[in-house]
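Where a number appears in this text, it was derived from the coordinates with a stated rule and is not lab data. Please read these numbers as outputs of a predicted model, since none were measured by experiment. Cβ coordinates were reconstructed from backbone atoms using ideal geometry, including for glycine residues, and neighbour counts include every protein chain displayed.
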Amino acid sequence: MKRKLENQIAIITGASSGIGAGCAIALADEGATVVVNYPVPAAREMADQVVDRIKATGGNAIAYQCDVSKEAEVIQMFADTVSQFGTVDILINNAGLQRDAKFTEMTLEQWNFVIGVNLTGQFLCAREAIRVFLQRGLDPAKSKSLGKIICMSSVHEVIPWAGHANYAASKGGVMLLMKTIAQEYAPHKIRINSIAPGAIATPINHDAWDTAEHLQELLKLVPEKRIGQVEDIGKAAVFLASDDADYINGTTLFVDGGMTLYPGFEDNG
Ligand code: NAD
């Protein structure tokens, strides 16, 4: 059976851990060649492990260092990918981080750091991806779309989050960045969508599920009463990147076990 992403080239940012690594493995399993992006030399070993895992099952991947908040590095990552693999077909704009603080104690550095990676990083990578898509032209043998971008957002693109103003602002920004560029480039057959994960067990939220008490507290927010796994997001990413989602453009797919159903209201009136 033909795999859904055969012969397609995917750049996945922040793919040495968590959701990015899960998406890298899921896309590679469907035939995509994956650029496993990582930000700093210290993350190289983890990126290599993701590459090894993909190669062990017959897939194709490379590790690539690039800080997505740095324009020159992002431009170089896309140029190197095009020169090595010929093009880019899929971008998963996944890199993201938190620097939490009570709002009145939040430093400008904490604000700028989170906005720089989570929002400016998505802008820079999406811009380069769209430039490559437009230059290449459509290849119907590969995909009905000229290119696909998946922005890793969060339930916090709609749920306010006290103590995390920089993070929530970055994800709210991602929502309208995604919708605006989807509107701008849909006529070119470029599809741009977001995934909004709820609580997925990764290093970013380790403190929220590392003990039975913390997990129990967290699950009060999740109607399905389970924490998500990176595979839940990987499957959604494959769907949105594939022609199965050909008529889906400019939307956010919430993968959250019902977190955005406001479970606090379950037995309240
Ligand atoms: P994670 O910490 O495992 O992954 C984040 C990745 O981003 C790391 O691999 C890190 O090295 C990379 N990164 C950080 N700064 C970077 C930079 N400047 N350039 C390139 N890469 C950089 O956590 P995760 O949960 O897998 O997070 C992935 C994405 O999912 C993030 O955008 C996060 O906001 C989003 N998200 C996660 C959850 C969750 O519950 N885990 C929920 C909602 C949204």
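Numbers for the structure displayed
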item	result
Ile25 being touching a Gly at 6+ places or on another chain (Cβ under 8 Å) and over 20 Å from Ile200 (Cβ atoms)	no
Count of residues meeting criterion [among the small types (Gly, Ala, Ser) and in contact with an Asp or Glu (Cβ under 8 Å, 6 or more places away or on another chain)] in segment 16-57	4
Pick from segment 1-40, criterion away from the ligand (no atom under 12 Å from the Cβ) and assigned to a helix (DSSP H, G or I), ranking: surrounded by the fewest Cβ atoms within 10 Å (Cβ to Cβ)	Asp29
Test result for Thr180, in contact (Cβ under 8 Å) with a residue 24 or more places away in the chain and hydroxyl-bearing (Ser, Thr, Tyr)	no
Restricting segment 82-108 to residues that are exposed (fewer than 12 other Cβ atoms within 10 Å of the Cβ) and among the hydroxyl-bearing types (Ser, Thr, Tyr), the residue that is nearest to Ile150 (Cα to Cα)	Ser83
Segment 134-171 - residue that is within 16 Å of the ligand (Cβ to nearest atom) and polar (S, T, N, Q) and, of those, surrounded by the fewest Cβ atoms within 10 Å (Cβ to Cβ)	Asn166
Pairs, first touching a residue at least 12 places away in the same chain (Cβ under 8 Å) in segment 138-157, second among the aromatic types (Phe, Trp, Tyr) and within 16 Å of the ligand (Cβ to nearest atom), C-beta under 7 Å, six or more apart	Val155/Phe254; His156/Tyr167
Matching residues in segment 1-56 - criterion: being among the β-branched types (Val, Ile, Thr) and under 17 Å from the mean Cα position of the chain (by Cα)	Ile9, Ile11, Ile12, Thr13, Ile19, Ile25, Thr33, Val34, Val35, Val36, Val50
Some residue of segment 187-198 being near the ligand (Cβ under 8 Å from one of its atoms), assigned to a helix (DSSP H, G or I) and of a type outside the set (D, E, K, R)	no
Residues of segment 199-225 satisfying the condition of being in a loop (DSSP other than H, G, I, E, B) and of a type outside the set (S, T, N, Q)	Ala199, Ala201, Asp210, Lys220, Leu221, Val222, Pro223, Glu224, Lys225
Residue match in segment 94-110 (condition: farther than 23 Å from Leu124 by Cβ and within 15 Å of the ligand (Cβ to nearest atom))	yes
Index of the failed condition, Gln183 passing every other in (1) more than 16 Å from the ligand (Cβ to nearest atom); (2) closer than 14 Å to Asp89 by Cα	(2)
Every residue from segment 203-228 that is of a type outside the set (D, E, K, R) and surrounded by fewer than 14 Cβ atoms within 10 Å (Cβ to Cβ)	Pro203, His206, Thr211, Ala212, Gln216
From Arg136, Arg44, Arg99, Arg53, residue being basic (Lys, Arg) and farther than 27 Å from Asp232 by Cα	Arg136
